[in-house]
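First the structure, in the form of structure tokens, and then the observations on it.
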Amino acid sequence: MTILIKNISLKNRIVDILIEGNIFKEIGDNINIKADKIIDGTNKAIIQPFYNMHTHSAMTLLRGYGDDMRLFQWLSEYIWPQEAKLTSEDIYNGTRLAILEMIRSGTVFFLDMYWYHKEIIRAAQDMKIRANIGISFIEERGKKEVEESIEFINQFEQSSELINISVAPHAIYTVGKDLYQELHKISKAKNLKFHTHLSETLKEVKDCKKANNGLTPVEFLNSIGVLDNNTIAAHCVHLTEKDAEILGSKGVTIVHNPCSNMKLASGFFNVPLIHKYDCRVCLGTDGVSSNNNLSMMEEMKFAALLAKVAYNDTSLLSANEIFAWATKYGAEAMNINSGKIKEGKLADCLIVDLNNERLIPNHNLISNWVYSADSRCIETVICNGDILMENRVIPNEDEIISKAKHFIR
Ligand SMILES: [Zn+2]
């Protein structure tokens, strides 16, 4: 399939863009070839889409369920008991609802962590989005489940370039040292990402220090040899200088989830510290139950505002920097050859309506994008050369909504 986008604004220059198969084949003036589809880009801009680097997609079904609590009470009294009642069909329907929301708000990739991975993979495949499905581990769920999940990872063969899996021990308070090390070894052997929650709350830090001779969660995971440039650590809210130095020097990818951190009152992400140690940072929404949506646009704005107010520094986290965290750094961390609108890159992009009131006047599109825009500005979403949303229409939208709506327990 070839798509020719005519007269579109790319970084303030009007160009034509040819997508051939799944790549940006040519970007230039006056491309005149016979394409399968032609999109008129007049009064529109083309922009990189979002790569949501930490979420629990099926938790959309728990949107609005159990607000206004701290993490441990919220997990143990509300979330885990409800999750125990979810069926595989619920997971499929909840994940499709999540993907619908992600596509509409401009996300073309999500890094997930949840159970019922087969249903999540099926939902992602059906909706043609990029996804990396974390095969999750919590030891309390029983030895049988741990063994089955390891078996699934060992047997997994990638059948689509869009979908891969990662090894995802939930956190240091749900997975012990031996299993962490075993899973890390498996992730190395299978060349898969290693995805975990880390240093999310003060309680986690306090309990870890008590149980491990004063080691912080980062020091503890480092001491057991599971932190490297393949590791993706969600949250990292409570870091010492030494923690940040370890994460920076080991090349760990940190995923900042500002809305979840604020809603659960987990704390302030230390932007000056991660800058000081040159840590790689991306952006994620976390699950809907602690957000309560999957909008990476809101996440960018909250991240920037939170950093400025927390450290009394208006220059901290510029629009350009937070946009990079939300887009190309995520693609880079996942080794996906995308995240830039450039010839030879995989064709992931958004077509944005420059006539939307939120983008007017257009002094600086990235500033508007971070601080002003909402998902109504996004008209069309292209992922890997496939149109996932065209003029705000997503296939099967009514059916997806109806199935998720009727989830009642
Ligand atoms: Zn999470």
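The values are calculated or read from the model by the stated rules, or taken from the named source; none is laboratory data. Only a predicted model underlies this, so the values are computations on that prediction, with no experimental measurement involved. Glycine gets a Cβ as well: all are built from the backbone with ideal geometry, and neighbour counts include every protein chain shown. The area values use the complete protein model at the heavy-atom level, side chains included, leaving out ligands, DNA and RNA. Shrake-Rupley method; radii C 1.70, N 1.55, O 1.52, S 1.80 Å.
Modelled this way, with points 7 Å down the Cα-to-C-beta line, the labels at Ser160 and Ser223 are 4.3 nm from one another.
Computed per residue of the chain from DSSP H runs no shorter than four, each worth -39500 (n - 2.57), the mean residue ellipticity at 222 nm is -10000 deg cm²/dmol. Between Ser372 and Tyr78, residue separation times 0.36 nm minus the direct Cα-Cα distance comes to 102.4 nm. In terms of distances greater than 25 angstrom between alpha carbons, the cross-link table entries Lys25/Lys328; Lys188/Lys250; Lys118/Lys342; Lys25/Lys340 yield Lys118/Lys342. Relative to the Cα centre, the charge distribution of region 306-409, modelled as +1 at Lys and Arg Cβ and -1 at Asp and Glu Cβ, gives a dipole magnitude of about 280 debye. In terms of its C-alpha gyration tensor, region 339-409 has an oblate overall shape, because the principal axis ratio a/c (a ≥ b ≥ c, square roots of the eigenvalues) is not below 1.5 and a/b does not outweigh b/c. Region 130-199 and region 202-267 have Cα centres spaced 18 Å apart.
For Lys203, the lysines whose Cα comes closer than 22 Å to its Cα, not counting residues fewer than 8 places off in the same chain, are Lys177, Lys242, Lys263.
Taking all protein chains as they are arranged and a probe of 1.4 Å, the heavy atoms of Thr216 leave approximately 10 Å² accessible to solvent. In region 229-304, the convex hull through the Cα atoms has an average projected area of 4.6 nm², a quarter of its surface area. Computed from the mean reciprocal separation of all distinct C-alpha pairs, what Kirkwood hydrodynamic radius does region 50-333 have, in Å? Averaging 1/r across every pair of different Cα atoms and inverting gives 18.7 Å.
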